[in-house]
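The values are calculated or read from the model by the stated rules, or taken from the named source; none is laboratory data. Since we're looking at a predicted model, the values are computed, not measured. Here the Cβ positions follow ideal geometry from the backbone for every residue, glycine too, while neighbour counts run over all protein chains shown. Ligands, DNA and RNA are excluded from the accessible area calculation, which covers all protein heavy atoms including side chains. Shrake-Rupley method; radii C 1.70, N 1.55, O 1.52, S 1.80 Å.
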Amino acid sequence: NKVVFAKSGAGKSYACKVEALRALMLGVEYYVIDPEDEYRQVCEAVGGQYIRLSGTSPHQINPFDLPATARRDDREARAPLAERVIALQGLLGLMLADRGSTLGQREKGALDAALHETYQRAGISRDPRSHSRPAPVLRDLYAVLREKADPDGLADRLERYVDGSLGQVF
């Protein structure tokens, strides 16, 4: 994560765009939050996806999406499902924890089990051949948590991202 501060005209946008292009050349996924619409042309030039996020936007984010193709690292094959579950644990940890705290070990364990079950219900397993199936969505995780005994209240905390004020973003 990175935030850049400098005076107007100091070259922030230029430097960040060059950095993004270099990262893309190395195969790094690059995300830019662009409230001023400065990066749209760069995004389109490299075949990226530009998403306008708001409650009225037709675009939505599905953090459960798996990469379109499994890439190989120099040393070993990647495990896209395992990597996505870890990324989801981090994202959901931020979304569901109280301000200034983190999820407890019991909550993390329940979330991990629910994430794996959510993918399993969508027919997605560690087998790369199953990764082309449609990914589950946040509502599917919510349903899994609602069906299970949820003493930690994860489903209650997730509800605002499914049916509440932030439900149109995901």
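Descriptive notes on the structure:
- Within the assembled protein chains, the solvent-accessible surface assigned to D156 is about 100 Å², based on a 1.4 Å probe.
- Dipole of the chain computed with +1 at Lys/Arg Cβ and -1 at Asp/Glu Cβ about the Cα centre; of L94, S125, A143, farthest Cα towards the positive end is S125.
- Annotation: lysines with alpha-carbon distance below 27 angstrom to K108 (same-chain offsets under eight excluded): K2, K148.
- Ranked by the mean number of other Cβ atoms within 10 Å of their residues, highest first, the peptides 40-46, 87-93 come out as 87-93, 40-46.
- Here the simple spin-label model places points 7 Å from the Cα toward Cβ, and for S8 and Y30 these points are separated by 2.6 nm.
- Accessible area in the full protein assembly, largest first, 1.4 Å probe, for L94, L115: L94, L115
- When +1 charges are put on Lys and Arg Cβ atoms and -1 charges on Asp and Glu Cβ atoms, the dipole computed for the chain relative to its Cα centre reaches about 320 debye.
- Solvent-accessible surface of protein heavy atoms, probed at 1.4 angstrom with all chains present, puts K17, K7, K2 in the order K7, K2, K17, largest first.
- For the chain, with +1 on Lys and Arg beta carbons and -1 on Asp and Glu, the positive-most of A155, N1, L24 along the dipole: L24
- Across the protein chains, with a 1.4 Å probe defining accessible surface, the residues L24, L141 rank L24, L141 from largest area downward.
- With respect to the chain, whose longest principal axis is taken over its alpha-carbon atoms, helix 80-96 is tilted by about 90°.
- Note on the stretch 83-150: Kirkwood radius taken over Cα pairs, Stokes-Einstein applied at 20 °C and 1.002 mPa s, translational D equal to 169 µm² s⁻¹.
- FRET efficiency, 1/(1 + (r/R0)^6) with R0 45 Å, evaluated for R126 and S165 via beta carbons: 0.80
- At a probe radius of 1.4 angstrom, the accessible area of the stretch 1-154 per residue rounds to 73 square angstrom.
- Overall form of the stretch 30-170 per C-alpha gyration tensor (a/c, 1.5; a/b vs b/c): oblate
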